[in-house]
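Computed from the coordinates by the stated procedures, all read-outs in this text should not be read as laboratory data. As the structure is a computational prediction, the values presented were derived from the model and not from experiment. Because the Cβ atoms are built from the backbone with ideal geometry, glycine has one as well, and the counts that use them run over all protein chains shown.
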Amino acid sequence: MASILVTGGAGYIGAHTARLLLEEGHDVQVVDDLSKGYAHNVPKGRLHIINLHDAASLDALFARHRFDAVIHFAALIAVGESMREAERYFRNNVGGSLALLEVMRRYGVRRIVFSSTAAVYGDPDSTPIPEDAPLRPKNPYGESKLMVEKILGWLDRTSGLRSVSLRYFNACGAEPRYGIGEEHQPETHLIPLILRAILTGEPITVFGDDYPTPDGTCIRDYIHVSDLAAAHVRALEYLMAGGATDVFNAGTGRGYTVLEVIRAAERATGRPVPFRVGPRREGDAAVLVADSSKLRKTLGWQPQYESLEAMVESAWQFENSRRTR
Ligand code: UDP
């Protein structure tokens, strides 16, 4: 059993990971400033409402708990917003991470699992994308994550910090056992928007159908949030066993077009999805699919959800339960 600090643990992926850690017998404390996350996502008694820039409160928490490792999710995540508010993204995502790393150093905590993103690749030359593909973020969000990856690389060399950065592809779905799910405000992600279109009858806009893909719509690699949470636990175990600093793609390696996601949602829910085709969204890459062989081989990770329909179905269950709570 390890003592783990989860930052951003009131958010979508962090909360799923915190619950899985608890199920696997670890002791978990969550830090979240609730600027985006929800207290109801965190099991009672484990939430500390602290912003990462508040060094005094973080210090007090580290003094009370002897953490073996940190899993660091807390960050701003909206690509479009990052284009408009770049300073805030760098201050929050880079500055917040640095503040956390300084406290970790003071308390001798030398292992961290970091939430990175496929956005570090920008427009890839080819897919599936291996980890050693060129890193050319197209927006401040992706750049802020890449900056933290680089800081982690330097801290390995200068102070023996060991880290795993997981570059997420498209997280989706919900774990039915936990009763939590995706609740971004405002929601910008495809699957929750499709489900809301079904429920409200308001059509969703497909962002472009003139991409060089079989049906003209963008291809993404959708990974179920429970499988993503499991990747964090595997990464933690790897670091606890003495594993070296490394970077892994976290995706299934299978891509779906936006229209295929819509069809999968129709099958999963038995309801038609109202949609219309609009212009491209600025900053979207045509195809983003992970080469996830490194995660599978090195960390022994294997996704439980292979079917997109099952992933959407779990999101649909959550969307319905959310409406009746
Ligand atoms: N998308 C869309 N309409 C929407 C939201 C998203 O067509 O209302 C498309 C988007 O262009 C991308 C895919 O769905 O190709 C996934 O987008 P999302 O914002 O969920 O994740 P991202 O790939 O940006 O991380």
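Working out 0.36 nm times the residue gap between Glu306 and Leu199, then minus their Cα-Cα distance, what length gain in nm do you get to one decimal?
Difference between extended and current length: 36.0 nm.
Using a basic spin-label model with each label point 7 Å from the Cα along Cα→Cβ, how many nm lie between Glu282 and Arg88?
1.7
Take the cross-link list Lys44/Lys297; Lys138/Lys294; Lys36/Lys138 and give me the ones stretching past 28 Å between alpha-carbons.
Where the Cα-Cα span goes over 28 Å, the pairs concerned are Lys44/Lys297.
If I fit a long axis through the Cα atoms of helix 96-106 and take the longest principal axis of the Cα atoms of the chain, what angle between them do I get, 0 to 90°, rounded to 10?
Rounded to the nearest ten degrees, it is 30.
Once label points are set 7 Å from the Cα along Cα→Cβ at both His184 and Arg267, what is their separation, rounded to one decimal in nm?
For the pair His184/Arg267, the computed spacing is 2.5 nm.
Would you mind ranking Lys44, Lys297, Lys145 so that the residue whose beta carbon has the fewest other beta carbons within 10 Å leads the list?
Ascending Cβ contact count within 10 Å gives the list Lys44, Lys297, Lys145.
Work out from phi, with θ = phi - 60° and the Karplus expression 6.51 cos²θ - 1.76 cosθ + 1.60, the ³J(HN,Hα) of each residue of region 314-325, listed in order in whole Hz, and give x for Gly and Pro.
In residue order, the calculated couplings are 5, 5, 5, 4, 5, 4, 6, 5, 4, 6, 9, 8 Hz.
Ignoring GluC sites (Glu not before Pro) that are buried or in helix or strand per DSSP, and keeping those with at most 16 other beta carbon atoms within 10 Å, what is the longest stretch of the chain between them?
No qualifying site falls inside 86-186, the longest such stretch.
Length gain on complete extension for the stretch Arg105 to Ala60, per 0.36 nm per residue less the alpha carbon to alpha carbon distance?
14.8 nm
Using modelled amide H (1.01 Å from N, peptide plane; none on Pro or chain starts), what sits under 5 Å from the amide H of Ala171, excluding residues fewer than 5 places away?
It is Ile223, by chain and number.
Just to confirm the number: angle between the C-alpha axis of helix 258-269 and the first principal axis of the chain, 0 to 90 degrees, nearest 10?
The helix 258-269 is inclined about 90 degrees to the chain.
What FRET efficiency would be calculated for the residue pair Asp156, Leu98, taking the C-beta separation as r and a Förster radius of 22 Å, to the nearest 0.05?
It comes to 0.90.
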